[in-house]
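The block underneath contains the structure these notes are about, expressed in structure tokens.
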There are 2 protein chains.
Amino acid sequence: MKLTILGCYAATPRTFTNPTSQVLDINNRLFLIDCGEGTQVQLRKNKVKFSRINHIFISHLHGDHFFGLVGLISTFSLLNRTTDLHIYGPKGIKEIIKLQLRLSNSWTNYGLYFHELESLESEIIFEDHKVVVKTIPLKHRVYTNGFLFQEKIGERKLNIEAVQNYAIDTCYYQNIKNGRDITLEDGSVVLNEDLTFEPIPALSYAFCSDTVYNEDILPIISNVEVLYHESTFLQSEENLAKKTLHSTAKEAALIALKANAKQLVLGHYSTRYESIEMFKQEAETVFPNVLLGDDGKSFEF
Amino acid sequence: MKLTILGCYAATPRTFTNPTSQVLDINNRLFLIDCGEGTQVQLRKNKVKFSRINHIFISHLHGDHFFGLVGLISTFSLLNRTTDLHIYGPKGIKEIIKLQLRLSNSWTNYGLYFHELESLESEIIFEDHKVVVKTIPLKHRVYTNGFLFQEKIGERKLNIEAVQNYAIDTCYYQNIKNGRDITLEDGSVVLNEDLTFEPIPALSYAFCSDTVYNEDILPIISNVEVLYHESTFLQSEENLAKKTLHSTAKEAALIALKANAKQLVLGHYSTRYESIEMFKQEAETVFPNVLLGDDGKSFEF
């Protein structure tokens, strides 16, 4: 699982900082999460292949999370894309994009599918045989969702030595990996656990931005491998965080702790602070495994 | 008169090139012309004061000319702007911006005024005592205007030596600069031309992008000081230019020649070419005074 932060600063694009966008590569699926202005340039700079982007998740309709989307959709057209593109985001996003395409007398030469969200409960919005994506309802100034990306638990791993000891034919291997016991020619049954090892544990990633401190999300993200949680402010601006429905670094760490996350990644920093190092220091007073997100940084888990 | 090119490449923003946007500083008025994605970052990089931008002109509703507008409008709000902002652009632009503000539950704390254009004839869209701005109807795939910025002819310049010779009181100086003759105490009249020099000639700037080769614009831009004319292609792609309603470098030069412009600035280059130097060479076969626009370049006239 690889997370590439294209941008993780709040509010406006600036000379050296970018608004929110990130790419998650999980189980050979690539997901683009949020798409602030300048995302397509950040994708180029970080050498993400445009052709691998088929699913884009938009948390909410504040500009620093989606003003780059219409440009990316247009660029896909200019690059002669033919593969379907799926957009998951708040109700209204389709109208915004369609209006701009219509008024510019443009269209996409590829299938453009909008999956508009309006539920206040967590729901599955993407699923294939490898990955499932669920919404994480967040509390912000507009309708907002985080997203939980979960690998499905994989096949059990074949214990080659054991399988060969029993002289089992290769045509049964897939059944064994799927968890089946095997009946030998003499009628005896070999239990699956004697032929396989445990599968690689399923990875998971929760993206939570933007949101005020909100314990309601804990059951959804419980035991998540990696939690990205916004930390717009430090505790010194706690009141401002409450007022604008954002979180502090300490609050992000509290959510990580209570959710029993393995790893916390911070981001969505207000540009009022001189250094983001202080966010890490503050979060580490509560939770040990803190990574600082930053534009252009990649993390492998 | 100072022209700063923020971006002058066609189609999509890329790692080192930006879509169309430029700033014209004429007679102490600042005008932003077009606003492709990333314009607000280009403004910062080129140290243009956001507070000086009060009038934005959008040529047409193709993304590479306006996808940065909604972000800039939002950023002005976040910067607590209070001064009115005027947007001049094709009908529909108001709906695009207002829809995005509404769906993000946002508003501007400053006056935001849209001047929507739909005329097919040239018209005056801005005028104060120093500058007038007219549309230049262009031919492109959607409704498109260029813009002609003209200084008004200024005051005559006082001939201090002559004025002092006649012992004229300073309280008459403004009248003299305004072109009035003066009656001395002995009743004799001194003609204005004996007290003043000619005013500084009025500068003018024509922005023409995007457009196919179109001689209909010649009467509007006749004798312009500086003509920015798109040159998306070279003559080798003449057919493509015709098909997509763009111009070649040679065609841009022909327009400059026939309009009796003093100076031609090229831009809106397709990124298919390895070097933009070829655009200059091609244009110079027709017209001598050719400047290559490029991102981050400023020209003083």
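FYI, it's all coordinate maths here, none of it is from the lab. Source: prediction; values computed, not measured. Note: ideal-geometry Cβ built from the backbone for every residue, glycine included; neighbour counts use all protein chains shown.
What the table shows:
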{"item": "Among A:254-263, A:141-150, the order from most to least packed when residues are scored by Cβ within 10 Å on average", "result": "A:141-150, A:254-263"}
{"item": "Neighbour-count ranking [beta-carbon atoms within 10 angstrom, fewest first] of B:HIS62, A:HIS86", "result": "A:HIS86, B:HIS62"}
{"item": "Helix axis angle, A:249-258 relative to chain A longest principal axis, alpha carbon, degrees", "result": "20"}
{"item": "Which of B:SER209, B:SER74 has the fewest Cβ neighbours within 10 Å, and the rest in rising order", "result": "B:SER74, B:SER209"}
{"item": "In region A:1-62, the trypsin sites (Lys or Arg not before Pro) that fall in loop regions by DSSP, at most 16 other Cβ within 10 Å", "result": "A:ARG14, A:LYS47, A:LYS49"}
{"item": "Packing-based exposure ordering (other Cβ within 10 Å, fewest first) of B:SER270, A:SER119", "result": "A:SER119, B:SER270"}
{"item": "Position B:GLY111, label points 7 Å along Cα→Cβ, spacing to each other copy in nm (shortest first, one decimal)", "result": "5.1"}
{"item": "Theoretical FRET efficiency, 1/(1+(r/R0)^6), r = Cβ-Cβ of B:GLU155 and B:LEU257, R0 22 Å, to 0.05", "result": "0.10"}
{"item": "Two-decimal log10 I(q)/I(0) for the protein assembly as shown, as the Debye equation yields it once each C-alpha is a single scatterer, q = 0.06, 0.07, 0.11 Å⁻¹", "result": "-0.42, -0.54, -1.03"}
{"item": "Chain A - share of DSSP beta bridges that are antiparallel (%, nearest 5)", "result": "55"}
{"item": "Computed helical MRE - 222 nm, the protein assembly as shown, DSSP H runs ≥ 4 contributing -39500 (n - 2.57), nearest 500", "result": "-6000 deg cm²/dmol"}
